[in-house]
Amino acid sequence: MVKAHLGNAFNRRRFLGLALTGTAGLALTAVLAACGNDEEASGGAEPAPSNTSAESDRAGGVLKVALTGDPPNLDIHQTTDSIVVLVCSHAYETLFTWDAEYRPVPLLAESHEVLDDGLRHRVVLREDVQFHNGETLTAADAIASIERWSAISGLGEGLMEVVEQLEAVDERTIDFHMIERYGAFRTALSRQLQGCAIYPKSVLDTSSGTELSEYVGTGPYQIVEWLPDRHVRLERFDNYRVVDEPASGYAGAKAAYLDRIDFIPVRNEASRTAGMQAGDYHYVETVSSDQTPVLEDASGVAVETLPADAWVNIVLNLRSPILADHDVRRALQMALDHEEIMLAAVGDGFYELTPELVPGAGAWYSEAGIEFYNQHDPDAARELLASTSYDGAPLRMMVTQEVQQEYNATLTMKQQLENIGFTIDLQVYDGATLSDRRDDDAVWETYTASASFRPDPVMRNLTSSATGWWENDEKDALFAELQTEADFDRRFEVWEQIQYMFYDDVPRLKIGNVRRLLARAAVLEDIGQTEMQPEFSNAWLRE
């Protein structure tokens, strides 16, 4: 059986209870924990025990992970594509990460202090951390990485808007001189999609803003080979400096028992399923509910349905001449039958229809905007569309068949939109190509993707720089407050306003929450938490 802790979920009372661990004088929540005492933030854990002979017996083996396709790149700064985090989080690390309670705690940072009444954050790096190229991590590497990331990421841009200066106090100490308080400091610099991975400055000096010259990090595994359509190969990094604390979520000790991890693109779901049955793969990135009976009957395969923590996401291109018209977007929103779409996507029992935008983090549950959610009024949608300037031009809908649930959802949505008068041009691509094309605002109107788990809504990428380009001054001001505010109750009020605007302005379409299936080989142990993609740093293969 897969361990029950894989399905983590928050509730409001538990969330506010955790908030009591903050100690630095600012009323920060525990999930932000930006001013918390480091010992408390990591649970006050005792040092990790020394390696036993039983643990030594776990060492060795090659883990084979079936991906839905090739990653578009191996640079976490560049993309919100979850496949990049799944692969690269083993090789790259961030200043902070998440413990088992989804509190942000130090990773490459050794300590974090909030000084000068919140106007200075001091981060001290861990000592003698080595990059895969043999260089030692310094403040200059962290600063160069933060500056590059913040020029690409909306969350990073928001952070740097309130940073007056980044100062290397010494080789291991960085001071962030702030223009104003920033409550989401640790959250912004923690592990996430398009997170602030720390690369060597020497590599960034020879890289561009869009491409790394080398794949070098500080993680327990190093990238040794990327052969598109064959594999991304990682090998154990023998000089990895293990944190002297028990493993907790994505934090703590990383034993790196495996000799090697091969991430193998397998675009066809039937092939991924057959490979799991045959023992060719130990873990499958994504599997649809259609495969449940087959996998449950397979010898040596463990399957579990996890609580909902992601949702089917239709991104709209607001720069498109068609979708720039709010009434056209509203007609699209009114037409859809979410129940029918989710049944086609994942099947009965594997979805939830709620307007919340951060499923899995119950403290942030809100029904703001529910009056616009799942209206399913095709007659009213048809009438509204007829009153607009829409002239029958093709609505270009991009999707990949590599994720079957997204493809099935799109086919059903296509039928529903054609029924009210839209002309649909369905464009099917491999995942990497879709990831590239979505950056070009001239070639698409919609694309379908999964909006994955976020422990805090500030990590939901709804800034004006995010793909889809939702430009709204009021929303941007609220998002800035969500990042800088420390008080949870005020942040919740701000988030409800943003969620209402999401449904009212229609920059995207939230269809329904998905209950994920997790399929692994029974011999694969200790894969840890999976809400933010698994990290196999403590996984091992039982003989």
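Rule-based calculations on the coordinates, nothing more; no lab input. Every value quoted in this text rests on a predicted model; they were computed, and no experiment measured them. All Cβ positions, glycine included, derive from the backbone under ideal geometry; neighbour counts span all protein chains shown.
Numbers at a glance
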quantity	calculated
GluC sites (Glu not before Pro) lying in DSSP loop within the stretch 224-288, provided at most 10 other Cβ fall within 10 Å	none
Long-range amide H partners of residue 105 with built H, under 5 Å	97, 98, 99
The chain, relative contact order [Cα under 8 Å, separation at least 6], %	21 percent
Trypsin sites (Lys or Arg not before Pro) within the stretch 127-229, DSSP loop, no more than 14 other Cβ atoms inside 10 Å	none
Lysines with Cα under 27 Å of residue 201, excluding same-chain neighbours fewer than 8 positions away	254
Extended-chain gain in nm, criterion 0.36 nm per residue less alpha-carbon gap, residue 319 and residue 433	39.0 nm
Label-point gap, in nm, between residue 278 and residue 423 - each point 7 angstrom along Cα→Cβ	4.5 nm
In range of the label at residue 487: residues from the stretch 453-471 whose backbone nitrogen is under 20 Å from the point 7 Å along Cα→Cβ	457-458
The stretch 310-514 - percent relative contact order, Cα under 8 Å, separation 6 or more	38 percent
Rounded FRET efficiency, nearest 0.05, which uses the C-beta distance separating residue 130 from residue 177 and R0 of 41 Å	0.90
From phi via Karplus (6.51, -1.76, 1.60), per-residue ³J(HN,Hα) for the stretch 94-109 in Hz, x at Gly/Pro	10, 5, 10, 9, 10, 7, 5, 9, 6, 9, x, 10, x, 10, 6, 6
For residue 164, distant residues with modelled amide H under 5 Å away	177, 178, 179
Overall dimensions of the stretch 123-253 as given by Cα atoms, namely Rg and Dmax in Å	15.5, 48
Difference of contour (0.36 nm per residue) and Cα-Cα distance, residue 62 to residue 477	144.6 nm
Average Cα contact separation per residue, the stretch 195-309, under 8 Å, 6 or more apart, as relative contact order %	15 percent
J(HN,Hα) series, the stretch 397-403, from Karplus relation 6.51 cos²θ - 1.76 cosθ + 1.60, nearest Hz, glycine and proline x	10, 9, 7, 10, 7, 5, 10
Estimated dipole of the chain in Debye, rounded to 20 [Cβ of Lys and Arg +1, of Asp and Glu -1, Cα centre]	820 debye
Rg to Rh, two decimals, where the stretch 265-392 supplies the alpha carbon set and Rh follows Kirkwood	1.09
Length added when fully stretched, residue 393-residue 305, from 0.36 nm per residue minus Cα-Cα	27.6 nm
Reachable aspartates and glutamates from residue 414, criterion Cα separation under 17 angstrom, eight or more residues apart if same chain	337, 339, 340, 377, 379, 406, 425, 445
Long-range HN-HN contacts of residue 401 with modeled amide H, under 5 Å	429
Projected-area mean, the chain, by convex hull of Cα positions, square nanometres	23.0 nm²
The stretch 310-514: mean projected area of Cα convex hull, nm²	10.6 nm²
DSSP-defined beta bridges in the chain - what % are antiparallel, rounded to 5	75 percent
Dipole of the chain, positive end: most advanced residue of 95, 85, 206 [Cβ charges, Cα centre]	85
The chain: calculated mean residue ellipticity at 222 nm from DSSP helix runs of at least 4, using -39500 (n - 2.57)	-7500 deg cm²/dmol
Under 12 Å, Cβ to Cβ, from residue 496 - net charge with Lys/Arg +1 and Asp/Glu -1	-2
HN-Hα J in Hz across the stretch 313-330 - Karplus 6.51, -1.76, 1.60, θ = phi - 60°, x for Gly and Pro	10, 9, 7, 10, 8, 6, 8, 5, x, 6, 8, 5, 7, 4, 5, 5, 5, 5
